[in-house]
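Since the structure comes first, as structure tokens, the remarks are kept for the end.
The values are calculated or read from the model by the stated rules, or taken from the named source; none is laboratory data. Small disclaimer: the values here were computed from a predicted structure and weren't measured. We place every Cβ from the backbone using ideal geometry, glycine too, and count neighbours over all the protein chains shown.
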Amino acid sequence: MTRLANAETRGPISRREMFQTNSGAVYPRREGIDGVLYVVYSYGDHFPMWLYDSQINQWFGNQDRWSRTTSKQQNQTRPSMDVTMCDTTKMHQIIRWGGYTQYIANRITREETSYGNL
């Protein structure tokens, strides 16, 4: 697999391709059942920068700031499509539940359960 500079990753990310960066700081991973999620991380799994959910054909981006270097990576790697911005917690929840549809279903189920206990 060819190694890329961070500044060269926008195209491969937009096309949801797997790649390696020279430093290894930015990397993609397929997540969820059958790899429906394409997630681009910065310096570890604690900070997903970009997430594409193929079930709903939607990009999500992390609106939180981590460091100056990560902010630079976010600017260099932003997909060239419309992106819905959200915080790190929501991105982790979407990943944990295997997609945005499952995340919403889980939230609805939790709300119904909590209303049922009133």
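So T70 fits all but one of (1) of a type outside the set (A, V, I, L, M, F, W, C); (2) over 20 Å from E17 (Cβ atoms); (3) at pLDDT 95 or above; (4) surrounded by 15 or more Cβ atoms within 10 Å (Cβ to Cβ); what number is the exception? For T70, the failing item is (3). Candidates are the residues of region 2-16 that are touching a helix residue (DSSP H, G or I) at 6+ places or on another chain (Cβ under 8 Å) and not in a strand (DSSP E or B); the one that is nearest to S54 (Cα to Cα) is I13. Picking from residues in region 42-62 that are among the polar types (S, T, N, Q) and over 11 Å from the mean Cα position of the chain (by Cα), the one that is surrounded by the fewest Cβ atoms within 10 Å (Cβ to Cβ) is N57. For D34, the conditions (1) surrounded by 13 or more Cβ atoms within 10 Å (Cβ to Cβ); (2) out of contact with any Gly (no Cβ under 7 Å at 6 or more places or on another chain); (3) within 19 Å of G98 (Cβ to Cβ) are fulfilled apart from (1). In region 71-83, of all residues being under 14 Å from the mean Cα position of the chain (by Cα) and either in a helix (DSSP H, G or I) or of a type in the set (F, W, Y) (or both), the one that is nearest to Y38 (Cα to Cα) corresponds to T77.
Of the numbered criteria (1) out of contact with any strand residue (DSSP E or B) (no Cβ under 8 Å at 6 or more places or on another chain); (2) of a type in the set (S, T, N, Q); (3) closer than 27 Å to R107 by Cα, the one N75 fails is (3).
Would a scan of region 64-78 turn up a residue that is touching a residue at least 12 places away in the same chain (Cβ under 8 Å), of a type outside the set (K, R) and either closer than 19 Å to Q102 by Cβ or touching an Asp or Glu at 6+ places or on another chain (Cβ under 7 Å) (or both)? Among the residues of region 64-78, at least one is touching a residue at least 12 places away in the same chain (Cβ under 8 Å), of a type outside the set (K, R) and either closer than 19 Å to Q102 by Cβ or touching an Asp or Glu at 6+ places or on another chain (Cβ under 7 Å) (or both), which makes the answer yes.
Taken over region 37-56, the criterion of being in a loop (DSSP other than H, G, I, E, B) and either of a type in the set (G, A, S) or modelled with pLDDT under 95 (or both) is satisfied by Y43, G44, D45, H46, F47, S54.
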